[in-house]
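K.L.:
One structure, pasted below without further comment.
The values are calculated or read from the model by the stated rules, or taken from the named source; none is laboratory data. Note that the structure is a prediction, hence the values are computed from the model and not measured. Using ideal geometry, Cβ is built from the backbone for each residue, glycine included, and neighbour counts are taken over all protein chains shown.
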Amino acid sequence: MGKFVTSQLMERSEHCAVVERGDAGAAKRGDTLRLGEVLSALSYALDITEGQPCGHAARSCLVGMHLAEKLHLLSSDRSSLFYALLLKDAGCSSNAAKMAYLFGADDRKIKHDLKEIDWSKAAEGLRFMRQNVSPEGSRTERFLKMAAMLLHGPGGAKKLVQTRCERGAAVARTLGFPEMTAQAILDLDEHWNGQGHPRGLRGEEISLAGRIAGLAQTFEVFYTKLGLTAALEMTLARSGTWFDPTLVSLLHGLAAEDEFRSELARRDADVAVACYEPHDVPRYADDALLDRVAEAFAQVVDAKSPWTHKHSRGVADLALGMGRAVGFEADRLRRLRRTALLHDIGKLGVSNLVLDKPGKLTDEEFAAMKKHPDFSERILARVPAFASMAEIAGAHHERLDGRGYYRGVASETLPLESRIVMVADVFEALTAARPYRAGMPAEKVIDMLERDAGTSVCPTALNLLKRHLERKDFTSRVEHQLEALDLLHQDLAAPVCMAC
Ligand SMILES: [Fe+2]
Ligand SMILES: [Fe+2]
C-alpha cells in the first residue's frame, strides 16, 4: 500500500474516531461542525422524495468513497464526489409533479421502481409503463395515458432526467461546491454505452465522478432490496452498457473485503459516511453556510409542487418579520427563519397525487398528508445544528384547541416560535392558490384568523403578524404560482416515453 493511500486511511480512521465517539452527535473539530454531517443527515429527506429507504444516498456515498480510495483520487476530487453523492437527488423534487401527472400514479413509487429496471431497453420500458400507468384508473384512462406518452416519442424521458439533474447541479452550485460536484450530478444517469440521459454521453466523455455516482447509486438500490449477490450480478450484467467496466471490477474487489461489507450493513449510514468526508479539504458549516443549506433545501421542498412554489420562503419572510416585531435577538431570529424555511421538509415524503389533487382529499389521502409534520420533525432531529428546530417544525399544524395534527396537542403549551410558524404558515397558504380554490386577499385571511383567535389560532402570534403587516407590504405568491403552473403545462406538452 502506497504512502499516499496509507495517509488517506489514517485521516479517515482519526476522523471516524471523532464521529463515532459521538461528541453530542456532531462530528466536530474544536467547536466547528462539519458540513458533511449536516448534509448526510439531510440526505434522508432526498431519499424519501425518491421513494428510497432512508440511508440510500448516504450508503451510495459510502460505496462511492470506497471506490474513490481504490482509485487513489486526490482529496479535492474525493471531496467533490462526497458532496455529489449526498446531493445527487437534490433535483428529484423538481420533476415529481410531472411524474405523478404523466403516470397517474404515486411519483415516489414510480421513481423507486424505475431505479430497478433497465429502462434503456425498449421492451423493459414498455412493460414498466404497462404495469405502472394509472394503476387505479379505468381501462380507458390507462389507454389514454399510455397513448399520450407513446405519441410524443423520444425526448420526454430525457427531459425528466434533465430537469432533475440540472436542478440538482444548481443546488450544488448554490451551496458553493466545485464544478466537479455539479458535473457528477449532471452525469448521474449517463451510461457507458451512450444510451443514458440527458446528453447520451459515452465512455470517458462521462465525468469519472458521474460514473462512480451512477454505479454507486444503482448498486445501493439492489443491495438494499435484494442483497449483495444480486447487486453484484446486476453490475456485471450492466458492465459495459450502463457502467464503466473498470469501476465494476473495482467494486467486485471491494465486495470481497470485510470492512466494505460490514460498513454497507450498518443501519446508521449517515454516521458511517461522515468518516469519509476528506477533512484536509475543510468545509465547515458556519452560520452563513447553514443559512444557505436551509434556503437550498427550502427550494427543494417548494419545487415538489407548482402549488407550493416559494411557500417556504414566504413563510420564512413572515416569521422573520413577526420575530422582529416581538423583539427576538439575532440568534433567535436566525433559528426562527431556518425553522420556517424547513417546516415542510416532510412534504418531500408525500405523493404529488395528494399534494396536487384538485379536490377534497379522501380520509386515506388526508392521513398521508397529516404525516408530513412528523417527517419534518424526524428529519430535522437527525441534523446537527437543526435538531433544536425539529419539535417546532413538527408542530406547525397544531392548533390552540388541540384539534391540529400530527400530535393533536394544545398549541398554547408550545413555544412562541411554534405559534409564529403556525400563523405565518396558515396566512401564507390561504393567500396563495390551491388546486381547488383561488388565493384569498390578505385582509380576508386576517378576518378569518381573527374569528378563530383564542379558539384555534394563537392571538399573540396573530397580533405579531398584524404588526408586521402594518410595517411591510405583503404580496401573495399567486403570480409565481401561475408562472410555475405555466411552465409545468408547457413541459407536459412534450410528454414522455420511457421506452424511447
Ligand atoms: Fe405543512
Ligand atoms: Fe407549510
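K.L.:
Got a sec? Which helices (runs of 4 or more DSSP H) wholly within the stretch 107-184 have at least 1 residues that are among the β-branched types (Val, Ile, Thr) and at negative phi? If you could, list the steps in order and put the result at the bottom.
P.N.:
Values: elements: 107-114, 122-132, 139-151, 156-174.
Fully inside the stretch 107-184 and qualifying: 107-114, 139-151, 156-174.
K.L.:
For the list (1) farther than 17 Å from GLY323 by Cβ; (2) within 14 Å of ligand 2 (Cβ to nearest atom), I need the number of the one condition that VAL423 fails.
P.N.:
Evaluating VAL423 over (1) farther than 17 Å from GLY323 by Cβ; (2) within 14 Å of ligand 2 (Cβ to nearest atom) leaves (1) as the failure.
K.L.:
Yes or no: the stretch 446-453 includes at least one residue that is surrounded by fewer than 16 Cβ atoms within 10 Å (Cβ to Cβ), in contact (Cβ under 8 Å) with a residue 24 or more places away in the chain and in the same structural domain as LEU318 (by TED's automatic domain parsing).
P.N.:
So in the stretch 446-453, the residues surrounded by fewer than 16 Cβ atoms within 10 Å (Cβ to Cβ) come out as 447-448, 450-451.
This time we only want the ones that are in contact (Cβ under 8 Å) with a residue 24 or more places away in the chain, so: none.
No, the conditions are met nowhere in the stretch 446-453.
K.L.:
With respect to the numbered conditions (1) in contact with a Gly (Cβ under 8 Å, 6 or more places away or on another chain); (2) within 16 Å of ligand 1 (Cβ to nearest atom); (3) closer than 22 Å to ALA368 by Cα, which one is the sole condition not fulfilled by ARG403?
P.N.:
All conditions pass for ARG403, except number (1).
K.L.:
Does any residue of the stretch 262-277 turn out to be modelled with pLDDT of 95 or more and crowded, with 19+ Cβ neighbours inside 10 Å?
P.N.:
no
K.L.:
Out of everything in the stretch 426-437 that is without any contact (Cβ under 8 Å) to a residue 40 or more places away in the chain and touching a helix residue (DSSP H, G or I) at 6+ places or on another chain (Cβ under 8 Å), what residue ends up being farthest from ligand 2 (Cβ to nearest atom)? Working first, answer last.
P.N.:
Going through the stretch 426-437, the residues without any contact (Cβ under 8 Å) to a residue 40 or more places away in the chain turn out to be 426, 430, 437.
Among the residues that remain, those that are also touching a helix residue (DSSP H, G or I) at 6+ places or on another chain (Cβ under 8 Å) are: 426, 430.
On the way: VAL426: 9, LEU430: 11 Å.
The selected residue is LEU430.
K.L.:
Something else about it: List, please: which pairs have Cβ atoms under 8 Å, are six or more places apart or on different chains, and start with a residue in the stretch 270-296 that is under 19 Å from ALA381 (Cβ atoms) and end with one that is among the basic types (Lys, Arg) and not in a helix (DSSP H, G or I)?
P.N.:
Once the first residue is under 19 Å from ALA381 (Cβ atoms) and sits in the stretch 270-296, its partners that are among the basic types (Lys, Arg) and not in a helix (DSSP H, G or I) give ASP270/ARG382; ALA272/ARG266; ALA274/ARG34; ALA285/ARG34.
K.L.:
Something else about it: Could you please find all residues in the stretch 305-318 being in contact (Cβ under 8 Å) with a residue 24 or more places away in the chain and assigned to a helix (DSSP H, G or I)? It would help to see each step written out before you state the result.
P.N.:
Of the residues in the stretch 305-318, the ones in contact (Cβ under 8 Å) with a residue 24 or more places away in the chain are 305-316, 318.
Matches in the stretch 305-318: PRO306, TRP307, THR308, HIS311, SER312, ARG313, GLY314, VAL315, ALA316, LEU318.
K.L.:
What is the number of the single condition among (1) assigned to a helix (DSSP H, G or I); (2) on the phi > 0 side of the Ramachandran plot that ALA97 does not meet?
P.N.:
(2)
K.L.:
Still on this structure, I have one more. Given the conditions (1) within 16 Å of ligand 2 (Cβ to nearest atom); (2) on the phi > 0 side of the Ramachandran plot, and given that ALA385 satisfies all but one, which numbered condition is not satisfied?
P.N.:
(1)
K.L.:
Can you pull out every residue in the stretch 225-237 that is within 27 Å of the chain's Cα centre (by Cα) and not hydrophobic (A, V, I, L, M, F, W, C)?
P.N.:
If the condition is that a residue be within 27 Å of the chain's Cα centre (by Cα) and not hydrophobic (A, V, I, L, M, F, W, C), then LYS225, GLY227, THR235 are the ones that fit.
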